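Before any comments, here is the structure.
The values are calculated or read from the model by the stated rules, or taken from the named source; none is laboratory data. What you see is a predicted model; the values in this text were computed from it and never measured. Positions of Cβ are backbone-derived with ideal geometry, glycine not excepted, and every protein chain shown enters the neighbour counts. The area values use the complete protein model at the heavy-atom level, side chains included, leaving out ligands, DNA and RNA. Shrake-Rupley method; radii C 1.70, N 1.55, O 1.52, S 1.80 Å.
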Amino acid sequence: MSSWFAKTIVPPLAAVALLLAVGSATAAEPSTLHVELGVDIDYVDPALSYYIPAWTIEYATCAKLLNYPDSGAPRGALLEPEVARGMPAISADGRTYTFHLRDDYFFSPPSGVRLTAAHFKWAIDRALNRQMNSPAQPFFSDIVGAADVIAGTANSVSGVVADGNTLAITLERPAGDFLSRLATPFACPLPLDVSVDPDGIDAPVPSAGPYYVDQWVRNQEVVLKENPNYRGARPHHFDQIHYGIGLPLETIKERIDQGAADWGDIPSSAFAELNTRFGPCAPTATPTRQRYLCFPAPTVLYLAMNHDRPLFGGGGSLGNVALKQAVNFAIDRTALIEQRGVNAGRATDQLVPFDLPGFRDVDIYPFRPDLARARQLAGCTGDTPDTCPQRQGVFYCSNRAPAPQQCQIVQSNLREIGLELEIKLFPRAVQFELAGRRGEPFDLTLEGWHSNYLDSYDFVSLVDGTTIRPANNVNFSYFNDPIFNGRIAAANALAGEARATAFAELDEDLMRDAAPWAPYGVPNDRYYFSDRIGCQTYSPAYTIDLAALCIRPAISIEDVVVQEGDTSSQTASFTVTLVEAAPSDYPVNVDFETFDGTAGGSDYEGAAGTLTFAPGEPTKTVEVRVAGDTADEPDETFGVRLSNATKGTLVRSTGTGTIIDDDQAVPPPPPPADTQAPTNPSLSSTSHRVGVPSFDRTIDIVFTGASDDLSGVDGFSFVWDREPDAVPDLVKDAEEVATGTTTAPLPNGRWYIHLRTRDNAGNWTSAAHFGPFLIVGRPTCVVPELRGKTIARARRLLATHRCALGRVGRAYSRRFAAGRIAAQSPRPHARLRNGTRVNVIVSRGRRG
């Protein structure tokens, strides 16, 4: 979802007048959150909405199989189950994902129907339907049968199977980013009677999240209401959320100043004043009453160097690496990001933006120019630009500020290394289209990419050469290196920590060894709130979390764990916290009352009352006496519920008290003698696939499910061997708590792991075998013997040996017939870098 394409919509004058009249009201009522947008959203239909403001609304209204928690980064960038009961089971081949759904999610009015797997299948079928022309199509095109629905030859995706509360999705090939794509609003469930409509459904939109879209009057307002059927765990602190649309940005800023609006679009010129009033903005994690906040967006700003042109593309598939590195050392990243305004972002030298899984901060290039290093890489012979090889190029830029000013900075920076760029300005949409057209005559283009979904592949794939086509490219560098293409594909087949590690290594290696881009910044999303609003949480996927916002002060009660004891002398002390309070908020009164869980009236003394927070008092305590005894029993729970707060929001209104039983049970009879061997664990690998060659010499193995019902598992013995049926010795290599093992780097060849399990009675299993794992060396150019061969034959030989034909000269030869190669360099059998060019001399025949 590229943030560079915002709709420009001019609201009717009557609508503006109406909104201005509404804006004359005083502070908003406590049950309504007021948001103001300068322009309208694109759609309320989840199959069609694609711009950031609409996805912010979708995050508050849609319940997904997996969703991002109401937390900031890094936790807020990690998926967790929502309607699904847990993370999906993934088949051994990595293609089929099976979800088991909860049965307590219901659609909002006007539907009210309980969610089943069929509603998620219908969302995917509908989004891929050819008539919808949804932007979801490339997100789900790798599902089996998706191509038929997109082509219009089928109405249902065969690879999505719904059976009651079970949903199975099968892909054409393994893809580690699939769950991130599935968590986009495109898969938001809809009732089965919602039709296919290329214009999108209108409000009200039946949704299963904490809110639903009740009204949408185009260019005037969007109204979200609390879903009365919602029983999930996500927060929802307002009766409704009202979006006004179409006011001038300066007017929106004034309304937030006055408290008539709570949050909205404001002019970029206002951020300098807010910085002066409130200090530098920063993500909030403190109980202070912050109003001006900044969060790093899942966006990277960069200069793409065109490898289809000789300036940066000469020298093989990696291009002119030294010159590209020189550009990265020469540009002033800090100055470029400062052109975007106060608190506009942070400098970067990496492809992947901050906070995404797969980002690892490495220092490769400086944020201020290092001209000495840049000139050295550019081939300069001295410390002035006139000692550098003089080169020319064409630089495509947007004509929208601050791009022209940034391009002038880059132009000036690169003159210092002898590179003269002609700047050509275009409207941003035109620049985007031209840069995506292969063969367009530019050498450098100023670009930016906002995440479509939270996964490093969404950024690293922008330099994947296998995606290049004649037009509509997003690989604006036209970088196309077979080795990196293969590494990108291999990383995208991984999941979990192995995936994050692979993309972190790719990010570093691409920028250090190939430098297809010169990234310069990660922009901030900057927000200004009215004084009454707190609980600001930034979702890396969806910007501000509407569901989490609250009226200040925020009131919460914490859980408690207490030992039961033998008498009634134990007390469970529940801490009630008040944060983001202003002096004018005090006093704050809130009622409390205990209620039973698995613990009843004989286990604790019930309590009820009112807490009063005096000025400056951030915490109070609710104390509940616990009744001890000497009977052995399970741990038990009870609760304390807060209610009737006179100010603010009950953000966490229920605290759970857990009574830990500390009495000894009657000892069980001794177990029977154990003479049975335990059960071996299942073996799997998170880093390699069986039978698939890999350059990675370190193999990660996971143990799952070892068991012994009598004496319990004691440990494991295992060995790596080239033989498929080797047997480990009877010496433990790992304890029973081990969940896996990682090899030392292995030589090339076929490898198997062999494992035996021991129980506490000394019984060993027979050996379990898992493999083979194929370790291969990275491809190299092994120079073949070319003498006596024709040029055509030499080309084929070189290709099969991972080499390439270099310069071709001609000379007379007594030994070799005309047209045959008489000499070569490098020599035959030399082992060199993949793609090395071999120069040859072709015989002209005998002289005379």
| said: Suppose the filter is of a type in the set (Asp, Glu), surrounded by 15 or more Cβ atoms within 10 Å (Cβ to Cβ) and in contact with a Phe, Trp or Tyr (Cβ under 6 Å, 6 or more places away or on another chain); does residue 708 pass it? | reply: no
| query | Limited to segment 388-409, what total is found for residues that are open to solvent by less than 20 Å² (accessible area, probe 1.4 Å), touching a Cys at 6+ places or on another chain (Cβ under 9 Å) and not aromatic (Phe, Trp, Tyr)? | reply | 6
| said: Go through segment 520-561 and report how many residues are among the charged types (D, E, K, R) and within 28 Å of residue 184 (Cβ to Cβ). | reply: 3
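Every residue, every condition in (1) over 30 Å from residue 453 (Cβ atoms); (2) touching a Ser or Thr at 6+ places or on another chain (Cβ under 6 Å); (3) touching a residue at least 60 places away in the same chain (Cβ under 8 Å); (4) basic (Lys, Arg), yes or no:
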| site | (1), (2), (3), (4) |
| --- | --- |
| 358 | no, yes, yes, no |
| 377 | yes, no, no, no |
| 387 | yes, yes, no, no |
| 406 | no, no, yes, no |
| 420 | yes, no, no, no |
| 438 | no, no, yes, yes |
| field | Spans of helices (runs of 4 or more DSSP H) in segment 100-165 with at least 3 residues out of contact with any strand residue (DSSP E or B) (no Cβ under 6 Å at 6 or more places or on another chain) and without any contact (Cβ under 8 Å) to a residue 40 or more places away in the chain | value | 146-151
| request: Please name all residue pairs, on different chains or six or more residues apart, with Cβ atoms under 6 Å, provided the first residue is in segment 616-642 and is of a type in the set (Asp, Glu) and at pLDDT below 90 and the second residue is part of a strand (DSSP E or B) and exposed (fewer than 15 other Cβ atoms within 10 Å of the Cβ). | output: 635/660
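Quick grid of which residues meet (1) touching a helix residue (DSSP H, G or I) at 6+ places or on another chain (Cβ under 9 Å); (2) under 26 Å from residue 154 (Cα atoms); (3) crowded, with 17+ Cβ neighbours inside 10 Å:
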position: 86; (1), (2), (3): no, no, no
position: 94; (1), (2), (3): no, yes, yes
position: 98; (1), (2), (3): no, yes, no
position: 110; (1), (2), (3): no, no, no
position: 116; (1), (2), (3): no, yes, yes
position: 136; (1), (2), (3): yes, yes, yes
| Check on residue 737, assigned to a strand (DSSP E or B), of a type in the set (Val, Ile, Thr) and either open to solvent by 40 Å² or more (accessible area, probe 1.4 Å) or modelled with pLDDT of 90 or more (or both) | no
| task | Would you check which residues across segment 804-837 are under 20 Å from residue 319 (Cβ atoms), at pLDDT 90 or above and surrounded by 12 or more Cβ atoms within 10 Å (Cβ to Cβ) and list them? | result | 804, 805, 806, 837
| Any residue in segment 441-452 that is out of contact with any His (no Cβ under 7 Å at 6 or more places or on another chain), of a type in the set (Gly, Ala, Ser) and within 20 Å of residue 327 (Cβ to Cβ)? | yes
| In segment 310-336, which residues are in contact (Cβ under 8 Å) with a residue 40 or more places away in the chain, out of contact with any Phe, Trp or Tyr (no Cβ under 9 Å at 6 or more places or on another chain) and in a loop (DSSP other than H, G, I, E, B)? | 316
| query | Is there a residue being at pLDDT 90 or above, of a type in the set (A, V, I, L, M) and open to solvent by 30 Å² or more (accessible area, probe 1.4 Å) anywhere in segment 652-674? | reply | no
| said: If I filter segment 357-366 for residues that are part of a loop (DSSP other than H, G, I, E, B), within 29 Å of the chain's Cα centre (by Cα), at pLDDT below 95 and among the small types (Gly, Ala, Ser), do I get at least one hit? | reply: yes
| message | Is it the case, given these coordinates, that residue 176 is outside any strand (DSSP E or B) and in contact with a helix residue (DSSP H, G or I) (Cβ under 6 Å, 6 or more places away or on another chain)? | response | yes
| request: Name the single residue, out of those in segment 423-451 being among the charged types (D, E, K, R) and in a loop (DSSP other than H, G, I, E, B), that is surrounded by the fewest Cβ atoms within 10 Å (Cβ to Cβ). | output: 437
| Scan of segment 741-750 for residues that are open to solvent by 30 Å² or more (accessible area, probe 1.4 Å) and either farther than 21 Å from residue 684 by Cβ or part of a strand (DSSP E or B) (or both), ordered by number | 742, 747, 748, 750
| task | For segment 453-461, state whether one or more residues are of a type in the set (A, V, I, L, M, F, W, C), more than 29 Å from residue 538 (Cβ to Cβ) and either open to solvent by 30 Å² or more (accessible area, probe 1.4 Å) or in contact with a helix residue (DSSP H, G or I) (Cβ under 9 Å, 6 or more places away or on another chain) (or both). | result | no
| said: Condition first: among the polar types (S, T, N, Q) and either free of Cβ contacts under 8 Å to residues at least 40 places away in the same chain or closer than 20 Å to residue 77 by Cβ (or both). Now tell me which residues in segment 41-60 satisfy that. | reply: 56
| remark: Within segment 751-775, residues surrounded by 15 or more Cβ atoms within 10 Å (Cβ to Cβ) and either aromatic (Phe, Trp, Tyr) or part of a loop (DSSP other than H, G, I, E, B) (or both) come out as 751, 752, 760, 761, 763, 764, 765, 767, 770, 773
| query | Can you name the condition, by its number, that residue 308 falls short on among (1) at pLDDT 95 or above; (2) farther than 30 Å from residue 441 by Cβ; (3) among the acidic types (Asp, Glu)? | reply | (2)
| task | Inspect segment 601-623 for any residue being in contact with a Pro (Cβ under 8 Å, 6 or more places away or on another chain), closer than 25 Å to residue 233 by Cβ and open to solvent by less than 50 Å² (accessible area, probe 1.4 Å) and give the result as yes or no. | result | no
| remark: Here the residues within segment 712-734 that are within 19 Å of residue 674 (Cα to Cα) and part of a strand (DSSP E or B) are 713, 714, 715, 716
| query | Only one residue in 787, 778 is touching a residue at least 12 places away in the same chain (Cβ under 8 Å), closer than 26 Å to residue 835 by Cα, in a loop (DSSP other than H, G, I, E, B) and touching a Phe, Trp or Tyr at 6+ places or on another chain (Cβ under 6 Å). Which one? | reply | 778
| task | Any chance you could count how many residues in segment 337-356 are open to solvent by less than 50 Å² (accessible area, probe 1.4 Å) and assigned to a loop (DSSP other than H, G, I, E, B)? | result | 11
| task | Go through segment 204-219 and give me each residue that's more than 17 Å from residue 238 (Cα to Cα) and either modelled with pLDDT under 95 or touching a Ser or Thr at 6+ places or on another chain (Cβ under 8 Å) (or both). | result | 204, 205, 206
